[in-house]
Each structure stands twice: as C-alpha cells, then as structure tokens.
Amino acid sequence: MLDNVTRFEREFADRTLGPETPSKKPAAFFSAADFDGEEIPARRWLVQDMIPFRTTTLMSGDGGTGKSQLSLQLAASTALALAWIGREVFQGTALFFTAEDERDELHRRLASIANVYGARFSDMDRLRICSVAGDTALLANEVADTLQPSPLYEAIEAEAARQRPALIVIDTLADVYPANENDRAKVRQFVQLLNRLAMRFDCAVVLLSHPSLAGMSSGSGLSGSTAWNGSVRSRLYFKRIIETGEEKEADPDARVLTTMKANYARTGDEVFLRWHDGVFINEGAVPSIGEGVKAERVFLKLLRAMERQGRTVSPNRSNTYAPTVFAGMPDAEGVKRPAFTKAMESLLSQERIEVVKEGPPSKQRTHLKTVEGVE
C-alpha cells in the first residue's frame, strides 16, 4: 500500500494537523433581533469584487490560455503586496499547489514574474509552493456515496495551519477531483471541502479548471454539472479574444478575464490583459516592487545581523533607534530612515518582530528581536 502513497503524502504523514475541525452540531436557530446593536461586518476580499475571503472561487480557462501563470501571478502579488492585473490584492502568505507544473517550470515562470515586478526571489518568502506533477494529486477519496479528505488534502490543511495563508491556489480540478464531474452531490461535497479550508483559515481559495467544448462554445466556461457554478460564490473565466464570426484570435497575445458569477458583487466585469515578457499585464498598470516590501526585507536582514553580533537596536527614538541605525549601515541597500520606520511598524503589526524588555523596572531597556521561526 505504501507504494501508492505520493512523495508529498509521505513527507507529511506524521505531522500534526493542528486544531481539529469542529464536529457537526444540531441545527440551532437564532433571532434576527440578535443583530440589533451589532456592528455590520465588512465583507473581506482578496481582490475586490472578484475573489472573496472564506469561500472558493472557480477560475476556468481553455487549455494553454495561461490560467496557471495568471494564478501564479496572483499568488506572487499576494506575497509581495503588489497589485495583480491592476487590482489591489490583500497582503499575506500564499500557498500554491499544482499537479501540472514541475519545479523547474515553476522556477522559470516565477523568474518572469520577478523580472516584470522588479522583485527578487528573496522577496517572495511568503509564497509557499508544492508541486506533485507526475504523482497522484487527489484531494478526496470516494467512500460509498461520500467524499472523504485524502492524505494530500490533510497535508495542505496542515501547511495552512502552520502558515495561516491569505490565499490557497489549487491547480487543477481535473487532477484533484476523484469523482464524476456530473455527480451533483459529490461536486457540492468537494467544493465544501475547499470551503472548509477557506473558512477554517479565513482565506480565499482559488480552484483552476478547464471548460468543456460546450462550455467554450457557449462562452460559459463551464464543464460538467451546473453544480460547479452553483456551489461556488465567485467564478472567473480567462479566455482568448476571438473575432466575431471568425475562429481565429484577434490578437494572439490578448486575453480577457471575465467575472461570470459574483454572489457578492456585479457580474460581467472584464479585465483585458496582454502577454508581455512571460506574464499577463494590464497595460498601464504594470506592478513594481514597492519600497515598503524591500524595506521590510532589508530591516529583517539587518536586525538578524545585529542579533548575531550580540548588538541591539531600539524601537524608541534614541541613539540606538533602529530606523536611524539601519539607514546608516553599508548594507542598507539605499533604504532611508522613513522607509525603515514604516517597515518597523509593519513588521511589528505582522508579529514578525517583537519588542523585548530587559532589566529591573527602574532601569528597564527595550530592544527589537526577530520572532522565532520567521524567515
């Protein structure tokens, strides 16, 4: 039986999965009057009006259109806190799981993204990647009339418990779904498994898929049961632009991303993109690495160097004020004190660094320290 277990499953087989998912409870009703006096919670988006948090978004695209590259750009933008195709993206860790592309291919694709974004691989430390290309990639197993999480699903769940991502990308549906795509009940069960990740970790899940010939012909971008469309709260379709009445592309480098379904926003939104230097861009909205992201990376690098030397810097204005000290160091990479000040506040809010107090109350001193486990 061990021979049928993938490398990824073996790697995570003995790891703790974190807090248990709450068991099902009997239905409990409450009164709408309970909302009286409560603040209305704001809806949270990874990408405004396109990719909501706490649910699954289905992104379909014809084979070879470039949806894997587009979703990898989304993951990189999330990790780098940069705009994606001209849209603002929530900043955080991104998990990118693929059953299609090998490590070398991912390396090449990310190199193109880094080049256009003006970033370095070291800036992408919050982008976590797993490729199981060539191995079994099923995220669920059929047990009688139900779908049960597979060891691979549990491994992704375990990684999400460690990383607390803002985004999980799964590429693609054909590789990870075990049942008949026309089986409505199992389609809904599978989407609920993905929603479980989205709700448990308060993140967005993006599932990539291929449309059927009928879906391409009709322009719906769908394949299999309509339960796929019914079960997700947001659905995007990435496609080439075909001339009306023709069977050829108007421009082989042109694409359009259309919002086909949006329970929480307006449908029909279109973003026109162009293939440029190995990535898809919204012309006039090409992202570049922000000074803030660079400043955070350099701040952490210099703080670690100080810690290795047994030296300390302070979060308070003094002779050892960290932003001032770091701005004057040879390895500051041109980052100035104001940028280091913003970086320090951001890193503190992200809990990537912390303030440590030492000494008796009468002569207490404070200094900054990197949080253990932060890369």
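What does the highest-first list of 92-102, 202-212, 270-280 look like by mean Cβ count within 10 Å?
202-212, 92-102, 270-280
Can you compute the charge dipole magnitude of the chain about its Cα centre, using +1 on each Lys and Arg Cβ and -1 on each Asp and Glu Cβ, nothing else charged? Give it in debye, rounded to the nearest 20.
Dipole magnitude for the chain comes out near 1440 debye.
Towards the positive end of the charge dipole of the range 157-261, with charges on Cβ (+1 Lys, Arg; -1 Asp, Glu), say which of P165, S209, N182 has the farthest Cα.
It is P165, whose Cα lies furthest towards the positive end.
Quick check: from the Cα gyration tensor, does the range 20-158 come out rounded (a/c under 1.5), prolate or oblate?
Oblate is the answer for the range 20-158, as a/c is 1.5 or above yet b/c matches or exceeds a/b.
Using the Cβ atoms and a cut-off under 11 Å, what net charge is assigned to the surroundings of A174, where Lys and Arg are +1 and Asp and Glu are -1?
-4
Testing the spin-label approximation: label points 7 Å from Cα along Cα→Cβ at R43 and R120. State their distance in nm.
It works out to 4.0 nm between the two label points.
Could you order the peptides 167-177, 331-341 from most to least packed, using the average number of other C-beta atoms within 10 Å per residue?
167-177, 331-341
Calculate, for A111 and N182, the FRET efficiency according to 1/(1 + (r/R0)^6) with r their C-beta to C-beta distance and R0 41 Å; round to the nearest 0.05.
After rounding, the FRET efficiency stands at 0.55.
Where the only charges are on Cβ atoms (+1 Lys, Arg; -1 Asp, Glu), what is the dipole of the range 146-223 about its Cα centre, to the nearest 20 debye?
Value, rounded to 20: 240 debye.
Please tell me the relative contact order of the chain in percent, rounded to the nearest whole number, where contacts are Cα pairs under 8 Å and at least six residues apart.
Reported as a whole number, the value is 18 percent.
So for the pair R200, A32, with labels modelled 7 Å out along Cα→Cβ, what separation do we get in nm?
The modelled label-to-label distance comes out at 3.4 nm.
Looking at H367, L147, F340, which one has the Cα that reaches farthest to the positive end of the dipole of the chain (charges on Cβ: Lys, Arg +1; Asp, Glu -1)?
Of the listed residues, the answer is H367.
Highest first, please rank the peptides 115-127, 230-242 by the mean number of other Cβ atoms sitting within 10 Å of their residues.
Output ranking for 115-127, 230-242: 230-242, 115-127.
Expressed as a whole percentage, what fraction of the accessible surface of the chain belongs to carbon and sulfur atoms when a 1.4 Å probe is rolled over the protein heavy atoms?
Answer for the chain: carbon and sulfur cover 48 percent of the accessible area.
Relative to the longest principal Cα axis of the chain, at what angle does helix 67-80 sit, 0 to 90 degrees, rounded to 10?
20
For the chain, what is the accessible area per residue in Å², given a 1.4 Å probe and the full set of protein chains?
I get 52 Å² per residue for this part.
Work through the residues other than M344 whose Cβ is under 11 Å from its Cβ and net out their charges, Lys, Arg +1 and Asp, Glu -1.
Net local charge, M344 excluded: +1.
Would you kindly state how much longer the chain becomes between A214 and A161 on full extension, computed as 0.36 nm times their sequence separation minus their alpha carbon distance, in nm to one decimal?
15.2 nm
What are the ³J(HN,Hα) couplings of the range 193-201, residue after residue, when phi is run through the Karplus curve with 6.51, -1.76, 1.60 and θ = phi - 60°? Round to Hz, x for glycine and proline.
4, 5, 4, 4, 5, 4, 7, 5, 10
Please report, in debye to the nearest 20, how large the charge dipole of the range 59-159 is about its Cα centre when each Lys and Arg carries +1 at its beta carbon and each Asp and Glu carries -1 there.
Once rounded to the nearest 20, the dipole reads 560 debye.
Mind checking the full-extension length gain between V371 and D145? Use 0.36 nm per residue of separation minus the Cα-Cα distance, one decimal, nm.
Gain in length upon complete extension: 76.7 nm.
In whole Å, what is the distance between the alpha-carbon centres of the range 144-221 and the range 108-136?
22
Between R317 and V256, what is the label-point separation in nm under the 7 Å Cα-to-beta-carbon projection?
Those two pseudo-labels are separated by 5.5 nm.
The values are calculated or read from the model by the stated rules, or taken from the named source; none is laboratory data. Every value quoted in this text rests on a predicted model; they were computed, and no experiment measured them. Neighbour counts are summed over all protein chains in view; Cβ atoms, including those assigned to glycine, are modelled from backbone coordinates with ideal geometry. Just so you know, the surface numbers come from the protein's heavy atoms only, side chains and all, with ligands and any DNA or RNA stripped out. Shrake-Rupley method; radii C 1.70, N 1.55, O 1.52, S 1.80 Å.
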